[in-house]
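S.K.: Take this structure, written in structure tokens, and hold onto it; I'll ask about it next.
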Amino acid sequence: ALPIYATMVVLMGIASGLVYWIGGTENAELIGYTALGVEGCLYLPQIHLNYYRKSTDGLTWILLATWVIGDVCKLLYFIFDEQPIPFVLCSCFQLTCDAVLLLQVDRKSV
């Protein structure tokens, strides 16, 4: 999994650099929103794996609690700093994913 991740990080870095180089600062928003979308989907593979395995082995309450606390803090920051709506919506989506994961762990099976 690490080689795939490292390859994707390098490819995303190259693609982001090209987009910025070709379009200048106008495309910087595109890079930012792409990163926001990728970050927003980080939980989906874990949710799918839990569902597929019918197990949440390896997930701990402390890990999920830190995710929830971080996502709540991020959402509050976005709201109080009056960040663009996509940031707030992404944080709400991440909190929804947190809730799904908490329900999966609570049931000990999916």
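S.K.: With the condition kept exactly as written, say whether any residue in the stretch 43-66 is in contact with a helix residue (DSSP H, G or I) (Cβ under 8 Å, 6 or more places away or on another chain), closer than 30 Å to residue 19 by Cα, at pLDDT 90 or above and open to solvent by less than 50 Å² (accessible area, probe 1.4 Å).
M.R.: no
S.K.: Follow-up. Suppose we filter the stretch 54-65 for residues that are more than 14 Å from residue 100 (Cα to Cα) and within 14 Å of the chain's Cα centre (by Cα); how many remain?
M.R.: So the answer is 0.
S.K.: Right, next: Considering each of 77, 20, 51, 43 in turn, give the residue that is under 12 Å from residue 101 (Cβ atoms) and more than 13 Å from the chain's Cα centre (by Cα).
M.R.: Values: 77 fails: under 12 Å from residue 101 (Cβ atoms); 20 fails: under 12 Å from residue 101 (Cβ atoms); 43 fails: more than 13 Å from the chain's Cα centre (by Cα).
Within the list 77, 20, 51, 43, the selection yields 51.
S.K.: Next question. So, in the stretch 88-100, how many residues would count as being crowded, with 19+ Cβ neighbours inside 10 Å and under 9 Å from residue 68 (Cβ atoms)?
M.R.: 1
S.K.: Something else about it: Taking the stated definitions as given, is residue 20 open to solvent by 70 Å² or more (accessible area, probe 1.4 Å), under 22 Å from residue 87 (Cβ atoms), part of a helix (DSSP H, G or I) and touching a helix residue (DSSP H, G or I) at 6+ places or on another chain (Cβ under 7 Å)?
M.R.: Numbers: open to solvent by 70 Å² or more (accessible area, probe 1.4 Å): yes; under 22 Å from residue 87 (Cβ atoms): yes; part of a helix (DSSP H, G or I): yes; touching a helix residue (DSSP H, G or I) at 6+ places or on another chain (Cβ under 7 Å): yes.
In short, yes.
The values are calculated or read from the model by the stated rules, or taken from the named source; none is laboratory data. Just so it is clear, the structure is predicted and the values come from calculations on it, not from any experiment. Heads up, the Cβs are rebuilt from the backbone with ideal geometry, glycines too, and the neighbour counts pull from every protein chain shown. These accessible areas exclude ligands, DNA and RNA; they are computed on the full protein's heavy atoms, side chains included. Shrake-Rupley method; radii C 1.70, N 1.55, O 1.52, S 1.80 Å.
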